[in-house]
Amino acid sequence: MSDLVDDHTAQPAPPRSLIVTVYGLYAREVGGWIGVSTLIGLLAELGIDAQAVRSSISRLKRREILLSERRDGRAGYALSPYARSVLETGDRRIFERHAGSDDGWVIAVFSVPESERQHRHQLRSRLTWLGFGTVSSGVWIAPAHALDDTRDHLLRHGLDQYVNLFRGDYVAFGDPAEQVHHWWDLEALQKLYDEFVTEFTPMAARWAGTAKRPVPDREAFVDYVHVLTAWRRFPYLDPGLPAALLPATWAGTAAADLFFGLRRALEQPAHDFARGLLAD
């Protein structure tokens, strides 16, 4: 999971994360497969050398995210069924902007036998990925809008047998706006949003007003892959809380405005550039 969803640090994206972004954006529309030479060419545009690409592919293969596959005599790599399912779920969260609504909570109560503790780790990882915070060791919570994705994901990955899901309201005791700080690390998330805004505001300034002039496709591809790679972790870290429960200085809104503005400017020319290389 960590290779498909970056961790909580704000370090430069490793090559494997850029590879996942490229596959998520462009590979699925051409059958989920990219030839080795084409992938190396795409990553070279992002400043990643061939050795780093091959090393990162090896890791993604070990994690069963990419699978070796030859097509028409060419060596290449295809997305695994697992990776496809994660990316498909991720599409809705990354590219659709949802305002947090105060319509209650979904509660996951789970218990995993000690003899199956590997599933306990897997379940906690998946719940974190779905936006859940921790009330106690076996009781996790998320805004109610996470229910459908949670139900579908746990069923798809055979984890439903360990979990009971409930819908509910918080009625006592304490202020929900204070409680959410115990359930999620909002301070760390705020810091990451601030860093995102600081890093990519200059990029947005460079692209301002591009509707009035031609957009260089290669530059759009480079910038779009980098900003999307940085952005795509946030929908998995941010539970999508109602505004009333968030700090008054919450940077998530400004960060989302920045990302979706860059997406509008860069998505199509970046796609045109990538398709040109994929067609070679």
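The values are calculated or read from the model by the stated rules, or taken from the named source; none is laboratory data. Only a predicted model underlies this, so the values are computations on that prediction, with no experimental measurement involved. Here Cβ is always computed from backbone atoms with ideal geometry, including for glycine, and neighbour counts include all displayed protein chains.
Which residues, counting only those in region 239-272, are among the aromatic types (Phe, Trp, Tyr) and buried (at least 20 other Cβ atoms within 10 Å of the Cβ)?
Result: Phe259, single match.
Just one of (1) free of Cβ contacts under 8 Å to residues at least 40 places away in the same chain; (2) in contact with a Lys or Arg (Cβ under 9 Å, 6 or more places away or on another chain) trips up Gly158, so point out which.
Among (1) free of Cβ contacts under 8 Å to residues at least 40 places away in the same chain; (2) in contact with a Lys or Arg (Cβ under 9 Å, 6 or more places away or on another chain), Gly158 violates only (2).
Could you tell me whether Ser80 is more than 16 Å from Pro15 (Cα to Cα), among the hydroxyl-bearing types (Ser, Thr, Tyr) and out of contact with any Ser or Thr (no Cβ under 7 Å at 6 or more places or on another chain)?
Yes; evaluated as a whole, the condition is true for this residue.
What are the residue pairs meeting all of these: first residue in region 224-244, first residue more than 14 Å from Trp183 (Cα to Cα), second residue surrounded by 19 or more Cβ atoms within 10 Å (Cβ to Cβ) and charged (D, E, K, R), Cβ atoms under 6 Å, and 6 or more apart or on different chains?
Arg233/Asp6; Pro235/Arg93
Exactly one of these conditions fails for Gly158: (1) surrounded by fewer than 19 Cβ atoms within 10 Å (Cβ to Cβ); (2) touching a strand residue (DSSP E or B) at 6+ places or on another chain (Cβ under 9 Å); (3) among the small types (Gly, Ala, Ser). Give me its number.
The failed condition is (2).
Just checking, does region 130-138 include any residue being farther than 23 Å from Trp231 by Cβ and hydrophobic (A, V, I, L, M, F, W, C)?
Yes, region 130-138 contains a residue that is farther than 23 Å from Trp231 by Cβ and hydrophobic (A, V, I, L, M, F, W, C).
Would you tally the residues in region 225-280 being assigned to a helix (DSSP H, G or I), of a type in the set (A, V, I, L, M) and under 30 Å from Arg74 (Cα atoms)?
Number satisfying all stated conditions: 6.
Filter region 44-57 down to residues that are more than 21 Å from the chain's Cα centre (by Cα) and within 18 Å of Ala27 (Cα to Cα), then give me how many there are.
3
A quick yes/no check of all residues on (1) among the β-branched types (Val, Ile, Thr); (2) buried (at least 19 other Cβ atoms within 10 Å of the Cβ); (3) under 22 Å from Arg275 (Cβ atoms); (4) touching a strand residue (DSSP E or B) at 6+ places or on another chain (Cβ under 9 Å):
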| site | (1), (2), (3), (4) |
| --- | --- |
| Gly32 | no, yes, yes, yes |
| Gly35 | no, no, yes, yes |
| Asp49 | no, no, no, no |
| Ser56 | no, yes, no, no |
| Leu79 | no, yes, yes, yes |
| Arg124 | no, no, no, yes |
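Conditions (1) touching a residue at least 12 places away in the same chain (Cβ under 8 Å); (2) surrounded by fewer than 17 Cβ atoms within 10 Å (Cβ to Cβ); (3) within 18 Å of the chain's Cα centre (by Cα); (4) within 20 Å of His226 (Cα to Cα), marked per residue:
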| residue | (1), (2), (3), (4) |
| --- | --- |
| Asp152 | yes, yes, yes, no |
| Asn164 | yes, yes, no, no |
| Ala177 | yes, yes, no, no |
| Leu192 | yes, no, yes, yes |
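Mind checking which residues of region 62-94 are of a type in the set (Gly, Ala, Ser), under 21 Å from His153 (Cα atoms) and outside any helix (DSSP H, G or I)?
Within region 62-94, Ser80 is the sole residue that qualifies.
Given the criterion basic (Lys, Arg) and outside the structural domain of Leu39 (by TED's automatic domain parsing), identify the matching residue among Arg74, Arg124, Arg70.
Result of the check over Arg74, Arg124, Arg70: Arg124.
Quick one: in region 95-115, of everything that is part of a loop (DSSP other than H, G, I, E, B) and charged (D, E, K, R), which residue is surrounded by the most Cβ atoms within 10 Å (Cβ to Cβ)?
Among residues in region 95-115 that are part of a loop (DSSP other than H, G, I, E, B) and charged (D, E, K, R), the one surrounded by the most Cβ atoms within 10 Å (Cβ to Cβ) is Asp102.
Could you please find all residues in region 52-88 being hydrophobic (A, V, I, L, M, F, W, C) and under 25 Å from Arg151 (Cβ atoms)?
Result: Ile65, Leu79, Ala83, Val86, Leu87.
Just name the residue that is surrounded by the fewest Cβ atoms within 10 Å (Cβ to Cβ) out of those in region 205-224 that are β-branched (Val, Ile, Thr) and assigned to a helix (DSSP H, G or I).
Thr210
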